[in-house]
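Undergrad: Take a look at the following structure, please.
Throughout, read-outs are computed from the coordinates displayed, never taken from laboratory work. None of the values given here were measured: they were computed from a predicted structure. Please note: Cβ atoms are built from the backbone with ideal geometry, for glycine as well, and neighbour counts cover all protein chains shown.
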Amino acid sequence: MTVFLTRIRLIFVPFLAIAVGFMAIYTLLDYVFIVRLEAPVSDDLVHYWLIFGLIWIPILIWLRPRLKLLALKDKRGNLPFLYQFIAAFAIVIPTLIAQDYLTTATGKLTVLDKISNLKTQSLTKYFELKQHFVDKRHIAVHERAEVSGKNNEYLTFYIDVVCPILDQPPRGDSVLRLTQTIHRPLIILNGHSADSSMNLRMLKHSDIASVTVLKGKKALAIYGSAAKYGAVIIVTKRSLAQIFAGDTAAIPRAWIGIEFSNEMNNNLSREEKNSRFKAFASSIDTEFSHKNLDSFIYLDRIGTNDRRKAYLKALNNKFSSFPANPVIFEAKNEPFEGRNGGKLGWTFKSFGIGSLVWLIMILIPKLKTEEIVKLPENAFAADMTAGYRAAQVFGKKSKFQVTAIIVALNVLFFLLMVFSGLGFLSFTAPDLVKWGGNIRSLTTGGQWWRLLTSIFVHGGLMHLLLNMYGLFFAAIFVEPVLGKTRYALVYLVCGLSASTTSIWWHDNVVAVGASGAIFGLYGVLVALVTTNKLGLKEKRGLLTFSLVFIGINLLSGLRGNIDNAAHVGGLLSGVVVGYLISLFSGLPHKDDEPIGDNNNNRAVLPGEGPA
C-alpha cells in the first residue's frame, strides 16, 4: 500500500494538477481573447494546434522528472517518451472538447424578422430568420487545391460557394450554374482581364460599345492558356469607375457558405487529375442545383478559419469591391438546443478515461525507490538546468549561432503567416506568392528579391519541420568547420543558386522552402569529406550519411510536387563551393581539432553511440 500511495502522491497527483491547471488556464484565455474580445486569430490554431504544442511545456518541465521514478526500459529506450505522449494525449483530448463546448455554449442566438434587419443588430454567434431567401442564382465561387501527407501524396480539391441571403426572391435574373463559373471564358474588359460572373452581371446594354468573341487556337494564340475556354473582349462607352460607382452598397452583406471537397492520390497524371476534377465539379453542380438552401433552422456565423478565407476569396472573385467584413454563415438543420450535443459530458468522460489509463500505466513498472529521495528537492532544478544547457547549444559561445538565426527566421516567417490568418498545416499558392514565393514571371519581371525571400517561406507546418530537421544535421558538421561568416555566406549562395535553378527549370511553379540551401550544405559536406580536410574518423560515416540523405530526398522528389530542380541546383553549387573552400581556405586537417562537441571530441552520427 505504501508503494501504491507513493506512486499516487509523486506521479499521479502531479499529472492531475497539470491536467486541471492546463485545461482551466487555456479555457479561460480562450474565453477572454477569442470569445469576448474576438481576437482575429485562426480558430484552427486556437482550438487545435496551440493545444498540441503548449501541452508539452508542463509535461517536459514537471512530469518528465517524475517518470524517472519508474523503471521504464526497453531495447530502444522509447518507453519514457511513450508515457509522456500518453499523458499529453490524456490532457489534450478533453481540452479540445472543452474549447468546442465553450464556442457553442457561449454563442448567443438572435432572432430577426428578415436579413435586412442585420444592419441594426450587433453580431452574435447564431441567428434565426423568420423570412429569408437564399439566392442560388447569384453565387460566388472559389476553387482551390491543397496537398497533404508526409510526401505530399494526397491532393484535395475544394469548391467553396457563397450564396447571398435576401429578404425575398429578386426578379428578372437569369440562372447561373456552377459549371459556368468553373469553365468560364476569359473576359477582357477595356483591355484588362476581368471576372465574368462579376462584371458582365453589373454591366448594362447601354454601357457596352462592342463585344468580340474569340475561340479555339485564335484565343490561345493571343491570350495563352488563360483563354483555353475562349475569350470575350468587351469595350464600354464609359469608364469602369463611372459604371460601377455605388455598386458596393447594393452587394448583399450576408451570405451562406457551402464547401465541397474531393480527395485523390497526388501521384496521378495531370490528365487524370483534370478528368477527376471535371467529374467532381459536374457532380457538385447536380447536387447544388437540387439542394434546398432555405431549409435551415438557424445560421452559424463562422469565425476566422480556412473556410471563411476561401469564402472571402470567392466574393473577391465576383466583386471588384464589397462591404468590409461581410457576414458569412453556415446553415444548421438540427435544433438550436442540441448545438452542444454531449460535449460537456464528454469533456469529463474523456478526462476520466485518460486519467484511468495513465494510472494503470504508472502502476505497471517497478518503482525505483532510490530515486525518490532525489525528486522533491532536485527534480525541478535539474530539469531547468538541463533545459538551460540545451539552450546553450545556440548561445553566445556556441558554434551554431548562424544556424539558430536561420531557424529563427524560418519559424518567424511561418508564425507571421499563421497569425495573419492564412492557415497552419498548409498555405495556398497565391498566399505563398504574396509572402515572397519564387515564380518565374514575377521574379524575372523585376522582383529579384524573391530569390532570397523564398528561402525562408514554407508551404506549411510539415514542410517547415522536415526542412529544419535536415538543416540541423547538416549544421552540426558544417558550421563549426566553416565558421560563422563563411557558413552564412555559403547558405545564402546555395539558397540563391537553388532559387535560380528553380525558375530556370519551371515555367509556372511557386517555389518556396529552405531545402535548396540545405542541399547546398550537404554538397559542401560531400566536397569536404572527399578531400583531406577532415579527419579519417569522420570521413566514411559523414559521406555515407550525406549520400543517403541526398539520395532519399532526390528519389522522393521524382514522385512529383517536390522542387527537385532547386535541390539539384543547391547541391551542385554546394559541391563547387565546398571544393573551392577546401582549395583556397585553411580548414582543420585530420590532425587538427575534429568536428564535434561531445566528450570524446568526435562527431556522433544519428543512430551511432559514443566511440
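Undergrad: Subtract the Cα-Cα distance of LEU409 and ARG276 from 0.36 nm times their separation in residues, and report this length gain in nm to one decimal.
TA: Extra length from LEU409 to ARG276 when fully extended: 44.0 nm.
Undergrad: Placing one identical point scatterer on every Cα of the stretch 395-584 and ignoring solvent, what is log10 I(q)/I(0) from the Debye formula at q = 0.09, 0.16 Å⁻¹?
TA: Summing over Cα pairs of the stretch 395-584 leads to -0.31, -0.96.
Undergrad: Oh, and also: Taking a virtual spin label 7 Å from the Cα of LEU79 along the C-beta vector, which residues in the stretch 54-70 bring their backbone nitrogen under 12 Å of it?
TA: What the label zone holds, given the 12 Å backbone N cut-off, is 68-70.
Undergrad: Taking a 29 Å limit on the Cα-Cα distance, which of the listed pairs LYS217/LYS313; LYS125/LYS318; LYS313/LYS349; LYS368/LYS399 fall beyond it?
TA: Result: LYS217/LYS313; LYS313/LYS349; LYS368/LYS399 exceed 29 Å.
Undergrad: Defining a contact as two alpha carbons under 8 Å apart and six or more residues distant in sequence, what relative contact order in percent does the stretch 395-584 show?
TA: Worked out over the stretch 395-584, it gives 25 percent.
Undergrad: Let me ask something else about it. Please state the Cα pair-distance histogram of the stretch 1-108 with 10 angstrom bins from zero: what percent is in each bin?
TA: 13, 40, 27, 15, 6, 0
Undergrad: Just grab the label-to-label distance for THR453 and LYS434, each label 7 Å out from Cα along the Cβ direction, in nm (one decimal).
TA: Taking the two extended label points, one gets 1.2 nm.
Undergrad: Between the stretch 77-142 and the stretch 327-348, what's the alpha-carbon centroid distance in Å?
TA: 8 Å
Undergrad: With contacts defined as alpha carbon pairs under 8 Å and 6 or more residues apart, what's the relative contact order of the stretch 70-140 in percent?
TA: 22 percent
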